[in-house]
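To start, the structure under review is shown below, and the notes come after it.
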Amino acid sequence: MLLIVLALLLAFLFVGLGFAVHLLWIAAVVFFIAWIAGFAFRRGSGRWYWW
C-alpha cells in the first residue's frame, strides 16, 4: 500500500512539474516576443524602456 501511495505522489509531482515548466516556456515566449517588438517599435532615442 505504501508503494502505491509513493508512486501516486511521484506521478502527481511529475505532472505538476511538467505543467509548471510548460507555463514557464509559454511565459518565456511571450516575453521574448514583447522584447523583439520593443526593438521594432522603439522611438529614436535608442532605448525603449524608461528605467
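Quick rundown of the values:
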read-out	value
Gain upon complete extension [Phe19, Phe41; 0.36 nm per residue less C-alpha separation]	4.6 nm
FRET E, pair Val5, Phe31, Förster distance 35 Å, beta-carbon r, rounded to 0.05	0.35
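FYI, it's all coordinate maths here, none of it is from the lab. Remember, it's a predicted structure, so these values are computed and weren't measured experimentally. With ideal geometry, Cβ positions are generated from the backbone for all residues, glycine too; neighbour counts draw on all protein chains shown.
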